[in-house]
Amino acid sequence: MSFPVPRAPKIRPFAPQIPVPALEEVSSGGLMINFDSPDLPVAIIARYNRNRQLEWCLPKGHVEGHESLIETAQREIAEETGITGYIVATLGYIDYWFTSSGQRIHKTVHHYLFCATGGRLTIEHDPDHEAVDVAWVPLAELSQKLSFANERRIADIAREYINTQL
């Protein structure tokens, strides 16, 4: 009978902890739904991440000037999808940490539910050219299409809201 031999712990030289300053970012976006269609399609965008992998996500962006969070969400959704609409409900927010160019960033993204009233599905109005594709996805299939778990939770909140309110 043999017993595993424990490995000796790696000894690393002491390195002083250097605090990394954090930048706070606030964005706003959400779900723009076509309530006139029976499958309740949602306008979402595709973009490439830093690793050049395609990600499907909810449209969102930074607050500009003196915009409210709702105004920012409306503007960003319109810019990134071409679709306009009015607010139906507040869905909540998500927050996460990431590093970009050596800067540690804490980002908070506020999400809203909107009713689509006009426009044409297109990415041609996106001034930042982040979106590379846009699509209508039925609400029931949205969780399978979105790349991020935190956005899938927001989609679930929207689906629960719609099921209880409409």
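The values are calculated or read from the model by the stated rules, or taken from the named source; none is laboratory data. Nothing here was measured: the structure is a model prediction, and the numbers come from that model. FYI the Cβ positions are ideal-geometry reconstructions off the backbone, even for glycines, and counts take in every protein chain you see. Accessible surface areas use protein heavy atoms only, side chains included; no ligands, DNA or RNA. Shrake-Rupley method; radii C 1.70, N 1.55, O 1.52, S 1.80 Å.
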Any residue that is at pLDDT 95 or above, at positive phi and not aliphatic (A, V, I, L, M) - is there at least one of those in the stretch 119-136? yes
Subset of the stretch 33-68 that is modelled with pLDDT of 95 or more and among the aromatic types (Phe, Trp, Tyr) - its residue that is nearest to the chain's Cα centre (by Cα): Trp56
Pairs only if they're at least six apart or on different chains, beta carbon under 9 angstrom, first in the stretch 93-108 and farther than 18 Å from Leu69 by Cβ, second of a type in the set (Asp, Glu) and in a strand (DSSP E or B); list them, first residue then second. Ile105/Glu24; Ile105/Glu25
Given the options Ser143, Ser100, name the one that is at pLDDT below 95, within 18 Å of Ile162 (Cα to Cα) and not aliphatic (A, V, I, L, M). Ser143
Residue check for Trp97: under 14 Å from Gly30 (Cα atoms) and open to solvent by 30 Å² or more (accessible area, probe 1.4 Å): no
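Test Ile123 against the stated conditions and say whether it is over 22 Å from Ile70 (Cα atoms) and among the hydrophobic types (A, V, I, L, M, F, W, C).
Considered against the rule, which asks whether it is over 22 Å from Ile70 (Cα atoms) and among the hydrophobic types (A, V, I, L, M, F, W, C), Ile123 comes out as no.
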Restricting attention to the stretch 118-137, which residues are crowded, with 16+ Cβ neighbours inside 10 Å and part of a strand (DSSP E or B)? Gly119, Val134, Trp136, Val137
Would a scan of the stretch 40-49 turn up a residue that is surrounded by 16 or more Cβ atoms within 10 Å (Cβ to Cβ) and on the phi > 0 side of the Ramachandran plot? yes
Within the stretch 153-164, does at least one residue satisfy the condition of being out of contact with any Lys or Arg (no Cβ under 7 Å at 6 or more places or on another chain), buried (at least 16 other Cβ atoms within 10 Å of the Cβ) and of a type in the set (Gly, Ala, Ser)? yes
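Conditions tested, residue by residue: (1) outside any helix (DSSP H, G or I); (2) among the aliphatic types (A, V, I, L, M); (3) at pLDDT below 95.
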site: Glu71; (1), (2), (3): no, no, no
site: Gln74; (1), (2), (3): no, no, no
site: Tyr93; (1), (2), (3): yes, no, no
site: Leu113; (1), (2), (3): yes, yes, no
site: Ala116; (1), (2), (3): yes, yes, no
Exactly one of Ile157, Ile162, Ile87 is at pLDDT 95 or above, more than 17 Å from the chain's Cα centre (by Cα), in a helix (DSSP H, G or I) and β-branched (Val, Ile, Thr), and that one is Ile162
